[in-house]
Amino acid sequence: MAAPGPARLLRAAAASSRRWLFSASPAAGTRPGCGSAAAVAAVRAARLFSLSARAVLSSEDKITVHFINRDGDKLTAKGKPGDSLLDVVVDNNLDIDGFGACEGTLACSTCHLIFEDHIFEKLDAITDEEMDMLDLAYGLTETSRLGCQICLKKSMDDMTVRVPEAVADARQSVDMSKNS
């Protein structure tokens, strides 16, 4: 009997990872936000094995987000529904100093963003953990949230968020602001 070809092995691996992804439940202690760390890892693994991942999600399915950086520059990026705003910044390699230092584990406030009122009103409820981290953020406003906790929805397409002028980052002894 002949060994299975590479295409057949890839299809089997992709199917196996999809089955695991959809049967996995978030474990205690996993990263809060748009999905558990295990689910995020499974999605990334599935992407590696999926030959048609790009065909499944066309550019029409992506959501455009505009970030107003600390220096006033407008950075525009696209993300998929369900991605966090931290994912959008990282995946698009946006140059926002210090953004997402804890990688979305709710251990810092470096992904602090300020939302427009009409978008802020549509966001999911804030958790106590996110509120605790926001208490450490500079430039806190009534429409402040952490980007790692905000998941993209189609209704957010073409939204603009502002990065505060300063950030509290425990890795550095001075503030990273546009004046430094």
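The values are calculated or read from the model by the stated rules, or taken from the named source; none is laboratory data. As the structure is a computational prediction, the values presented were derived from the model and not from experiment. Neighbour counts are summed over all protein chains in view; Cβ atoms, including those assigned to glycine, are modelled from backbone coordinates with ideal geometry. Quick note on the areas: whole protein, heavy atoms, side chains included, nothing else; ligands and nucleic acids left out. Shrake-Rupley method; radii C 1.70, N 1.55, O 1.52, S 1.80 Å.
Within segment 138-168, the set of residues being of a type in the set (Ser, Thr, Tyr) and under 12 Å from residue 65 (Cα atoms) comprises 155, 160.
Can you tell me which residues in segment 133-153 are exposed (fewer than 12 other Cβ atoms within 10 Å of the Cβ) and modelled with pLDDT of 95 or more? Outline the logic, then answer.
Of segment 133-153, the ones exposed (fewer than 12 other Cβ atoms within 10 Å of the Cβ) are 135, 142.
Once the filter is applied, which keeps residues that are exposed (fewer than 12 other Cβ atoms within 10 Å of the Cβ) and modelled with pLDDT of 95 or more, segment 133-153 yields only 142.
In segment 35-128, counting only helices (runs of 4 or more DSSP H) that sit wholly within it, the ones holding 2 or more residues that are closer than 23 Å to residue 143 by Cα and modelled with pLDDT of 95 or more span 85-91, 117-120.
Anything in segment 75-85 that is open to solvent by 10 Å² or more (accessible area, probe 1.4 Å) and either touching a Gly at 6+ places or on another chain (Cβ under 9 Å) or touching a residue at least 60 places away in the same chain (Cβ under 8 Å) (or both)? List them, or say none. Steps first, please.
Residues of segment 75-85 open to solvent by 10 Å² or more (accessible area, probe 1.4 Å): 75-76, 78, 80-83.
Listed by number, the residues that qualify are 80, 81, 82, 83.
Taken over segment 115-132, the criterion of being in contact with a helix residue (DSSP H, G or I) (Cβ under 9 Å, 6 or more places away or on another chain) and either crowded, with 16+ Cβ neighbours inside 10 Å or under 17 Å from residue 166 (Cα atoms) (or both) is satisfied by 119, 130.
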